[in-house]
1. Order by neighbour count: His50, His28, fewest other Cβ atoms within 10 Å first, most last.
2. Would you give the gap between the C-alpha center of the stretch 77-116 and the C-alpha center of the stretch 28-55, rounded to a whole Å?
3. Tell me the net charge near Glu97. Cut-off is 15 Å between Cβ atoms, Glu97 excluded, with +1 for each Lys or Arg and -1 for each Asp or Glu.
4. Compute the angle between helix 77-89 and the longest alpha-carbon principal axis of the chain, please, reported from 0 to 90 degrees and rounded to the nearest 10.
5. Run the paramagnetic zone check for Phe3: 7 angstrom along Cα to Cβ, then residues of the stretch 30-61 with backbone nitrogen under 19 Å.
6. Quick one: Met1, Met83, Met61, fewest Cβ neighbours within 10 Å first, how do they rank?
7. Taking Cα pairs under 8 Å and at least six residues apart, what relative contact order does the chain come out at, in percent?
8. Subtract the Cα-Cα distance of Asp15 and Tyr57 from 0.36 nm times their separation in residues, and report this length gain in nm to one decimal.
Amino acid sequence: MSFYVYISRRTDPFDDSGPAISAEDWLHCIGAEPDFRVTEGDESKWLGKHARIWSDYKYPMAFDLVNGQVEVKNPDAPTIVRMKKLAGKLSATIFSETGELYDDSGGHAGFLPGFP
């Protein structure tokens, strides 16, 4: 089963009407990060055109801009920490599809209002 965590300017992972991260904002932010690269080969087949790969980690992690949010599939604690750093640069926050919030070490820090 897949689990997604988002970098978002919204207050709900499923609210498409909330403020979005534009492709321009995302590409400007991620372009300044030397530990990310563009997709290669087969990666381009299953990721969006604005996806970037965190290549400076034990295995490549895809950060994909989808519907105004950056989503990462099955992130571990170090990946969540990296997401939080990017979120700060994008004036955004991170939370999971279940509304879970995370602390600076990638651990559980409560839930968004209205979630479990």
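Each value in this text was obtained by applying a stated rule to the coordinates, not by laboratory testing. For clarity, every value in this text was computed on a predicted model and none was experimentally measured. All Cβ positions, glycine included, derive from the backbone under ideal geometry; neighbour counts span all protein chains shown.
1. Values: His50 19, His28 12.
In order of increasing Cβ crowding within 10 Å: His28, His50.
2. 21
3. On the way: positive: Arg10, Lys73; negative: Asp12, Asp15, Asp16, Asp64, Glu71, Glu100.
With Lys, Arg at +1 and Asp, Glu at -1, the net is -4.
4. 90
5. Within reach of a label on Phe3: 58-61.
6. Working: Met1 3, Met83 25, Met61 21.
With the fewest neighbours first, Met1, Met83, Met61 line up as Met1, Met61, Met83.
7. On the way: 195 pairs, mean separation 38.5, N = 116.
Worked out over the chain, it gives 33 percent.
8. On the way: separation 42, 0.36 × 42 = 15.12 nm, distance 3.09 nm.
Full-extension gain reported as 12.0 nm.
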